[in-house]
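To keep things clear, I will list the structure first and then write my remarks on it.
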Amino acid sequence: MLTSTSAIYNRDILNSLKTRKEQIKVLLIGNNPIEMTNVYDKLRSYRSKNYIADVCFSVQDSVKKMLKAKPDCVLIDDNVVVSQLKEFFNNLKKNGKLKNIPIVLLKSTNFSSAIQNDAQDYLLKGNLDSEILNNTIEKNLRIRQLQR
């Protein structure tokens, strides 16, 4: 009887390890609640990862939020005020705790911008789906790990 109970217990442990999802913390920064909700929903719909997403609607408050939430990756919308984006990237470069967090710019168009050069990567919002979003986040996390 003891053997069968321990076998069931071990099987349950193995099953829980197989089904456990990797947790990735993502901070979404933008001023459009509809677009941020759309990105949030795409993150949550990706089945093999457990994305823990937090949203910040103020670029000015985003650095404080990053220090508190300690995200693995940041997705920032490009339709916020350009001067605020520049200040955001300057603050990241100055802060040793934040400068290694991958930043992905969510863009409306494929036109190049100066801000795009400060981000590690970018995604076009028009083509965004959960698979593309996940692949981009994973790629940028791997790149950051290799750079350390």
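Please return the ranges of helices (runs of 4 or more DSSP H) entirely within the range 1-102 where 3 or more residues are of a type in the set (D, E, K, R), at pLDDT 85 or above and over 17 Å from the mean Cα position of the chain (by Cα).
82-94
Conditions tested, residue by residue: (1) within 15 Å of Ile24 (Cβ to Cβ); (2) of a type in the set (A, V, I, L, M).
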| position | (1), (2) |
| --- | --- |
| Val39 | yes, yes |
| Tyr46 | yes, no |
| Ser58 | no, no |
| Asp77 | no, no |
| Gly96 | no, no |
| Tyr122 | no, no |
| Leu133 | yes, yes |
| Lys139 | yes, no |
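Could you list all residues from the range 116-145 that are at pLDDT below 90, within 19 Å of Pro71 (Cβ to Cβ), not in a loop (DSSP other than H, G, I, E, B) and not acidic (Asp, Glu)?
Arg144, Gln145
Out of the range 68-124, which residues are among the aromatic types (Phe, Trp, Tyr) and farther than 22 Å from Arg144 by Cβ?
Passing the criteria: only Phe111.
Regarding Lys70, is this residue touching a helix residue (DSSP H, G or I) at 6+ places or on another chain (Cβ under 6 Å) and either within 22 Å of Arg142 (Cβ to Cβ) or of a type outside the set (D, E, K, R) (or both)?
For Lys70, the condition - touching a helix residue (DSSP H, G or I) at 6+ places or on another chain (Cβ under 6 Å) and either within 22 Å of Arg142 (Cβ to Cβ) or of a type outside the set (D, E, K, R) (or both) - is not met.
Need pairs with beta-carbon distance below 8 Å; first residue surrounded by fewer than 12 Cβ atoms within 10 Å (Cβ to Cβ) and within the range 87-108, second modelled with pLDDT of 90 or more and part of a helix (DSSP H, G or I); sequence gap 6+ or separate chains.
Lys97/Leu67
The values are calculated or read from the model by the stated rules, or taken from the named source; none is laboratory data. Being a predicted model, the structure only gives us computed values, none of them experimental. Heads up, the Cβs are rebuilt from the backbone with ideal geometry, glycines too, and the neighbour counts pull from every protein chain shown.
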